[in-house]
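See below for the structure under consideration.
FYI, it's all coordinate maths here, none of it is from the lab. None of the values given here were measured: they were computed from a predicted structure. We place every Cβ from the backbone using ideal geometry, glycine too, and count neighbours over all the protein chains shown.
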Amino acid sequence: MERILFGDNQFFGVNHMSEEKARAQSVRFSDMKAILDVLDGAYDSGIRVFMCTTQDRVEEICDHVRSNPARYAGLQFYPCMPYAHKYANAVTEHGLVNAMRKFMPSGNIVGTLMKGGLSLARKDMKGMAELLIDGEMKMFRGLETPVIFLQNVVTDLILGLGMHEAFSVFADHVRTKYKAEPGFITMNLPRLLDALDEVGVDNPIVCASINKLGFRMCGGLEAYERIVGKRRFRPVAMSVFGSGAIAARDALEYVAGQEKIEAIVFGASSIENIRKTKAIIDDIDRVRLAVPA
Amino acid sequence: MVRLGLVGLGKMGISHLAIANSHPDAEVTAVCDPSTYVIDGIRKFTKFRTYGDYRVMLQDENLDAIIVATPSRSHRDIVQLALDRDVSVFCEKPFCLEAAESERLAEVAAARGLANQVGYHARFIATFREAKRIIDSGALGALHHIKAEAYGGVVLRPARGTWRGTRAEGGGCLYDYASHAVDLVNYLVGAPEKVAGTALNRIFSADVEDAVFSTLMFGNGMTGQIEANWSDESYRKMFMRVSVWGTNGRVTADRQEIQTFIRTPPPAHTGLKKGWTLRNTTELTEDVWYYLRGEEYSAQLDYFVQRVRDRDSRNISSFESAAETDRVLGMMVADGTQNASLPKGNVSLGSKALGNKPLGNRSLGERPSAGLLHWSRQ
């Protein structure tokens, strides 16, 4: 797994601090060129992973990268699926079963339709989940996707309902069909690790809010620090700036200083900020690795 | 351990189920939904005991409380039966479609000393609670106007297949979206005495309004405005904002941020200074034990579980406060209907496209409208 992952919240009007900022970003990035310029900046500063949702506009980014293989040599995507808004809106509009039916892949392939219809009728979780994953993965065809994440709303919903076998269904399908490592995004790290243990998903990649404020860290800061230090899993830190509440250097020293944290995901709208953030992480890592433990 | 049952496995019901099931002091033992497809799925993949009829569930299960997340029209009968059986109730908003029913149920719950709460989650959003604190401190001086807004992209096409698009079931922007804005007004400054100039506008829907605009009048001369529109896709998800003006300044809050402007500095304990004070959700929000989709959804259920445990019928979002909200919504329906403000051109756009077509394919056991009948049958 790469050390620095570039996230996509800023492109799609997600800002946990301010609705006004979210809207300003949404306006600015309604132009695809603005998104691609920032992505180019991230790539040119040495970042090689784009960790992104699976919403429609990401497909345009994928198309652009596919069309310019030389420009983006070595660029990897870490998809985070599903894009929950799409499903939640469909459930509100069509009801649960009709929404599921809507998202079962359609087309002329008789086998797929059969699998979808039969899975739906038999309540075959494995069959349905595999088709939904395949549907979400279509936009990444031909691109490198070595890690595939389950989005936190879905991870945490499955966790809350106690349907833990679904985690191993996701992990198995991602491993066998896409030869990728499964990852899980969560706001409830301690509970999720217990659930993954229970269904035998060993040494999982888990992306969670990790910041010195304790923001969106259910179970508490101390529990997180203990778990990150001791439990067998591969932590990816997100929300490291506590949504902008922590100064950059301070925030990054806290996460990059924790030896077990393998990767840090962050988003930024300006190329200058991307460069600065990467330089700080590189700097902390250099110092940390130079000093023998 | 508080023993919980849940009625209604739609989007809100499933969300409540996951949150309640994770609560350290609660145990969800049974769930109920009339859709055989949904209930079979739950039976197959989870540990909950399942029912197709809430009356059987209330009969067979030894429950301390139920969570009701069914179409609004069915709330009255389900809540009534639960209270009769000495079971506390968390009910999704809006409470009842008739304010008189809401008031009656509020009286029953209070008389029996049962915990009673309605899912107006905005009362658990940290920035709105901070707005309440500032208003109650008197820092804004004499209040003279409040504006509450709710926007989002729920209905963007004429076709509607679920109860939310059906007036008789309690669908529509007024009960779904504007109710949050009205409840927020009531929470912050108390309920208005009258409403005027209410417009219930159709944009896409055939049977319900998609936008609500109304003027509120309070006994002390204060005024207010409600603006709600569930056909505005420019918002990524539901957006709510409230502003309150007083003689000494104003406060504006949305889910993320609260901005206060003060003319003459109030006492230091208010934490406000002359000019602008900005605070945001990161610093104001308290930790929750489990996060699914916003701290407020966890916080409101945690609060309910505590009230059930203590058998405390007092509540931040009680049946009584929800009945007040229903009363204002009722006034808006009466005023809006009287104003006959439905723009005819838009109505025909909706009607023509939707007509009375049956809901799509209903195989696999899901019966959207049959399910509704089931909830509401006497």
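Across peptide B:281-287, the mean count of Cβ atoms from other chains lying within 10 Å of each residue's own Cβ comes to 5. In square nanometres, what is one fourth of the surface area of the convex hull spanned by the alpha carbons of segment A:168-293? Its average projected convex-hull area is 8.7 nm².
Net charge dipole, segment B:124-187: roughly 180 debye, given to the nearest 20, about the Cα centre with Cβ charges of +1 for Lys and Arg and -1 for Asp and Glu.
Check residue A:76: other-chain or 5+ apart residues with amide H under 5 Å from its amide H, H built from backbone geometry? Result for residue A:76 returns A:49, A:50. Under 5 Å between amide hydrogens, built in the peptide plane, is the criterion, and for residue A:150 it picks out A:81, A:183, A:184, A:185 among residues at least 5 positions away or on other chains. Close amide H pairs (under 5 Å, H built 1.01 Å from N) link residue A:234 with A:205, A:206, residues at least 5 positions away or on another chain. In a simple Cβ point-charge model (Lys, Arg +1; Asp, Glu -1; nothing else charged), segment A:195-293 has a dipole of about 100 debye relative to its Cα centre. Measuring between their Cα centroids, segment B:1-31 and segment B:252-300 lie 29 Å from each other.
A straight chain from residue B:238 to residue B:80 at 0.36 nm per residue would run longer than the Cα-Cα distance by 53.8 nm. Computed from backbone phi, the HN-Hα couplings of segment B:284-291 come to 8, 6, 8, 4, 10, 7, 8, 10 Hz, rounded to whole numbers (Karplus: 6.51 cos²θ - 1.76 cosθ + 1.60, θ = phi - 60°; Gly and Pro given as x).
The residue list B:13, B:56, B:115 was ranked by how far each Cα lies along the charge dipole of segment B:1-156 toward its positive end, using unit charges on Cβ atoms, and B:13 comes out on top.
Both radii are taken from the alpha-carbon atoms of chain B; with Rh as the Kirkwood radius, Rg/Rh is 0.97. Among the listed pairs A:276/B:273; A:33/A:177; B:47/B:237; A:212/B:273; B:11/B:93, those whose Cα-Cα separation exceeds 25 Å are A:276/B:273; A:33/A:177; B:47/B:237; A:212/B:273. Calculated on the alpha-carbon coordinates, the convex hull of the protein assembly as shown measures out at 169 cubic angstrom per residue. The GluC sites (Glu not before Pro) of segment B:154-244 meeting both criteria, a DSSP state outside H, G, I, E and B (loop) and at most 14 other C-beta atoms within 10 angstrom of the site's C-beta, are B:193, B:233. Shown for B:289, B:245: other C-beta atoms within 10 Å of each C-beta, ranked fewest to most, produce the order B:289, B:245. Secondary structure note: in chain B, about 60% of the DSSP beta bridges are antiparallel.
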